[in-house]
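Reviewing the structure listed below.
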Amino acid sequence: MASEIRVVLLGAPGAGKGTQAKLLQEAFGAPQISTGDILRKAVADQTPLGKQAADYINRGALVPDAVIVDMVGQRLQADDCQHGFILDGFPRTIPQAESLDVLLARLRMSLNCVLSVKVPQAEIIARLSGRRTCKKCGGLFHVAFDPPKTEGVCDQCGSALIQREDDSEATIKHRLEVYENQTAPLVRYYRDRGLLRELDGVGGIDEIRKRVFAALGDLAK
Ligand code: AMP
């Protein structure tokens, strides 16, 4: 695709943001910036950031805004972001969205749009509780809806699949509450700024991919 893409994917945990972000990354050649993936890697590598974030992640709570904004600010200055980026899981609070506006203004960039992926809560719970993740390459699977060819093994890199600790039932409930209280207000924030494009996130991966591309309009032509 010729256009530069600078978008935010907004939606509850399990709405399919990561899956669609990876497809956009392939199509546009712009990086997926998943704050969840960056934090999980920092936890695995036991960096100072990881040590600070681990407890919040395991409880399904949000890592403090200042930590996240600093992390994203650095990431957006990397060379590979100069011709676009796909933000996945950030911003997640109003202060994060306000900080993103400041960061982008400083970098003389602006968002094309914000794609809000809508999925009913019952479906979210079914998706998250069956989700399996490859710790090595980030591959995503679901025990029922998108099983790997060999049970427990990543199709892409052959590593073992795990269930994320925060995909346990009690933590899922908490993450959904956090989403409703802290992240859902961003729908209005971006609607008020004329950037919001909403789409139905229920269906097959390819069906949703088509909706995502339709929502991008001219950008995807
Ligand atoms: P995710 O993979 O996007 O579901 O994120 C997993 C966890 O990482 C979240 O439950 C939070 O603990 C943390 N996290 C990811 N992104 C953010 C963010 N933008 N702000 C605060 N915490 C975040």
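For segment 59-73, 3J(HN,Hα) computed residue by residue from phi via the Karplus equation (6.51, -1.76, 1.60; θ = phi - 60°) reads 8, x, 9, 7, 5, x, 3, 4, 5, 5, 5, 4, 5, 5, x Hz, glycine and proline entered as x.
Measuring with a 1.4 Å probe in the full set of protein chains, what accessible area per residue, in whole Å², belongs to the chain? The partial results should precede the final answer.
On the way: 11180 Å² over 221 residues.
Counting only protein heavy atoms, the per-residue value for the chain is 51 Å².
Ordering Thr47, Thr133, Thr150 by accessible surface, largest first, gives Thr150, Thr47, Thr133; the 1.4 Å probe counts only protein heavy atoms, with every chain in place.
Could you size up the charge dipole of the chain around its Cα centre, putting +1 on the beta carbon of Lys and Arg and -1 on that of Asp and Glu, and report it in debye to the nearest 20?
Working: 29 positive and 28 negative charges, 24 e Å.
About 120 debye.
Per-residue accessible area (protein heavy atoms, 1.4 Å probe) orders Glu151, Glu165 as Glu151, Glu165, starting from the largest. The HN-Hα couplings worked out from phi for segment 201-213 by the Karplus form 6.51 cos²θ - 1.76 cosθ + 1.60 (θ = phi - 60°) are x, 9, x, x, 4, 6, 4, 6, 4, 5, 5, 4, 5 Hz, whole numbers, x standing for Gly and Pro.
Relative to the Cα centre, the charge distribution of segment 35-117, modelled as +1 at Lys and Arg Cβ and -1 at Asp and Glu Cβ, gives a dipole magnitude of about 100 debye. Using Cβ point charges alone (K and R +1, D and E -1), the dipole size of segment 131-187 about the Cα centre works out to roughly 220 debye. Computed over segment 81-181, the range of Cα coordinates on each principal axis works out to 47, 31, 21 Å, biggest value leading.
Using the Cβ of Pro95 as centre and a radius below 14 Å, the other residues enclosed give a net charge of -3, where K and R count +1 and D and E count -1. Neighbours of Glu198 by Cβ distance under 11 Å: Lys/Arg scored +1, Asp/Glu scored -1, total +3. Values of log10 I(q)/I(0) for the chain across q = 0.08 Å⁻¹ run -0.27, by the Debye formula with one identical scatterer at each alpha carbon and no solvent. Leaving out ligands, DNA and RNA, what percent of the accessible area of segment 179-219 is carbon and sulfur, probe 1.4 Å? Carbon with sulfur: 46 percent of the solvent-accessible area.
How long are the three semi-axes of the equivalent ellipsoid for segment 2-123, computed from the Cα gyration tensor as the root of 5 times each eigenvalue, in whole Å, largest first?
Working: eigenvalues 94, 68, 40 Å².
Rounded to whole Å, the semi-axes are 22, 18, 14.
A cut-off of 5 Å between modelled amide H atoms, ignoring neighbours fewer than 5 places along the same chain, links Val153 with Leu161.
Given the Cα-Cα distance of Ala105 and Thr47 and 0.36 nm per residue of separation, how much length would full extension add, in nm? Mind dumping the intermediate values first?
Values: separation 58, 0.36 × 58 = 20.88 nm, distance 2.97 nm.
Between Ala105 and Thr47, full extension yields an extra 17.9 nm.
Each other residue within a Cβ distance under 15 Å of Gly130 adds +1 if Lys or Arg and -1 if Asp or Glu, for a net charge of -2. Between Gly139 and Cys134, the built amide H atoms are under 5 Å apart, and every one of these is 5 or more places off in sequence or on another chain. Projected over every direction and averaged, the convex hull enclosing the alpha-carbon atoms of segment 156-221 yields 7.2 nm².
Centroid-to-centroid, using Cα positions, segment 177-212 and segment 81-148 are 10 Å apart. Here the chain carries DSSP beta bridges of which approximately 30% are antiparallel, counting only pairs with both residues inside. Counting protein heavy atoms only, segment 129-168 has 50 percent of its accessible area on carbon and sulfur, 1.4 angstrom probe.
Amide H contacts under 5 Å for Leu10: Leu115, Ser116, Val117, restricted to partners 5 or more places along the chain or on a different chain, H placed in the peptide plane at 1.01 Å from N. Summary value for the chain: 29 percent relative contact order, contacts being C-alpha pairs under 8 angstrom separated by 6+ residues.
The values are calculated or read from the model by the stated rules, or taken from the named source; none is laboratory data. If you're wondering where the values come from, they're calculated on a predicted model, not measured in any experiment. Note that each Cβ is placed from the backbone with ideal geometry, even for glycine, and that neighbours are counted across all protein chains shown. Note: areas computed on protein heavy atoms with side chains; ligands, DNA, RNA excluded. Shrake-Rupley method; radii C 1.70, N 1.55, O 1.52, S 1.80 Å.
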